[in-house]
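A quick write-up on the structure given underneath.
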Amino acid sequence: MIRWAAAALVAMAVPMAPATAQNWNAQVVETEQGYRVGDPDAPLQIIEFISYTCPHCATFDREAEPELRYHYVHEGYAAVEVRHMIRNPVDLAAALLTECGDPARFFDNHKAVLATQDDWLATARGLTQAQTARWASGTVGSRMRAIASDLGLDDLMEGRGYSASEVSACLNDENRAAEIAEKSEANVAEYSVPGTPSFVLNGTLLEGVHAWQPLRQALVAARQNNE
């Protein structure tokens, strides 16, 4: 009996390892209209409408990521669904590349395209009308490949581990291109999205919210109301 009591005391003195926390940033799924990261049952459901040629979208992604992804999403407070708004052919080429391959890679591709936006937009601004003429003629695939090549987006994706043939196949996917464009139009119609970035929180478009700090204020208020 004494030996049992001593063993029990030793066991009580050794702290039990904490349960492994769920990393909701690893939970990425393709939805009907976009790509979602986070707990599908999180109390805060955010839809983010972006255009890859929108400088404010790149700024938002840079400013929001530390808290939005690594606090709200990571801890299960929020899920974020990204939906494309296609404003021009460059947006479409970039969207095809972010969706290239395994859906689990979408958010890293998305971040890479936005993080390098200053560079490839500067390249785009330096091209002449004659140089960009091929962006508007030929098959959808040839136009998308021309944009990616001229702006270095194909090199960006190859640097992320994609082969040249994989990149080309994604840019040549005319059915996917048409689907992305149709979803963009449907999203605008559903929520009357005025521009990018714009946000829907729990089914309601946040009017006048187009940057991280206003969105953060809306998230803080929503969390307080839910507690």
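The values are calculated or read from the model by the stated rules, or taken from the named source; none is laboratory data. As the structure is a computational prediction, the values presented were derived from the model and not from experiment. Cβ: placed from backbone, ideal geometry, glycine included. Neighbour counts: every protein chain shown. We work out accessible area using only protein heavy atoms, side chains counted, and drop any ligands, DNA or RNA first. Shrake-Rupley method; radii C 1.70, N 1.55, O 1.52, S 1.80 Å.
Could you report the chain's accessible area per residue, 1.4 Å probe, as an integer in Å²?
Details: 11930 Å² over 227 residues.
I get 53 Å² per residue for this part.
Could you sort 134-143, 170-179 so that the peptide with the highest average Cβ count within 10 Å comes first and the rest follow in order? Before the final figure, lay out each step's value.
Working: 134-143: 14.5, 170-179: 17.0.
Per-residue Cβ counts within 10 Å, averaged per peptide and sorted highest first, yield 170-179, 134-143.
Would you mind telling me the share, in percent, of accessible area of the chain contributed by carbon and sulfur at probe 1.4 angstrom?
Numbers: 6280 of 11930 Å².
Of all accessible area on the chain, carbon and sulfur atoms account for 53 percent.
With a 10 Å radius around each residue's Cβ, average the other Cβ atoms per peptide and rank 88-94, 40-46, 186-192, highest first. Could the numbers behind the result be given before it?
Values: 88-94: 22.4, 40-46: 16.4, 186-192: 14.1.
Most protected by this proxy first, the peptides run 88-94, 40-46, 186-192.
Please work out, to two decimal places, the log10 of the ratio I(q)/I(0) at q = 0.15, 0.21, 0.25, 0.30 Å⁻¹ from a Debye calculation in which every Cα of region 146-199 carries one identical scatterer.
Debye curve over Cα of region 146-199, log10 I(q)/I(0) at q = 0.15, 0.21, 0.25, 0.30 Å⁻¹: -0.61, -0.84, -0.91, -1.05.
Work out the length of the dipole vector of region 19-88 about its Cα centre, built from +1 on the beta-carbon of each Lys and Arg and -1 on the beta-carbon of each Asp and Glu, and round it to the nearest 20 debye. Walk me through the intermediate numbers first.
On the way: 5 positive and 11 negative charges, 47 e Å.
Once rounded to the nearest 20, the dipole reads 220 debye.
I want the local charge near residue 127. Using Cβ-Cβ distances under 13 Å, sum +1 for each Lys or Arg and -1 for each Asp or Glu among the other residues. Intermediate values should be presented prior to the final figure.
Numbers: positive: 125, 134; negative: 150.
Taking every other residue near residue 127 into account, the sum is +1.
Roughly what would the spin-label model give for residue 137 and residue 158, points 7 Å off Cα along C-beta, in nm?
Going by the 7 Å Cα→Cβ label model, 2.6 nm.
Of the beta bridges DSSP finds with both residues in the chain, what % are antiparallel, to the nearest 5? Could you put the intermediate results ahead of the total?
On the way: 12 of 19 bridges.
Taking every DSSP beta bridge with both residues in the chain, the antiparallel ones total about 65 percent.
Rounded to the nearest 500, what is the chain's calculated 222 nm mean residue ellipticity when only DSSP H runs of at least 4 contribute -39500 (n - 2.57) each, over all residues? Could the numbers behind the result be given before it?
Working: 10 runs with 114 residues, N = 227.
Theoretical 222 nm ellipticity from helices: -15500 deg cm²/dmol.
Just the ratio, please: alpha-carbon radius of gyration of the chain over 2.2 N^0.38 Å, N its number of residues. Before the final figure, lay out each step's value.
Working: Rg = 22.0 Å, N = 227, 2.2 N^0.38 = 17.3 Å.
Relative to the rule-of-thumb radius for its length, the chain sits at 1.27.
So what is the relative contact order of the chain, in percent, for Cα pairs below 8 Å that sit 6 or more residues apart? All intermediate terms of the calculation are to be shown ahead of the outcome.
Details: 289 pairs, mean separation 55.3, N = 227.
That works out to 24 percent.
In a Debye calculation with equal point scatterers on the alpha-carbon sites of region 54-141 and no solvent, what is log10 I(q)/I(0) at q = 0.17, 0.20, 0.24, 0.26 Å⁻¹?
The calculated log intensity ratios at q = 0.17, 0.20, 0.24, 0.26 Å⁻¹ are -0.84, -1.08, -1.38, -1.48.
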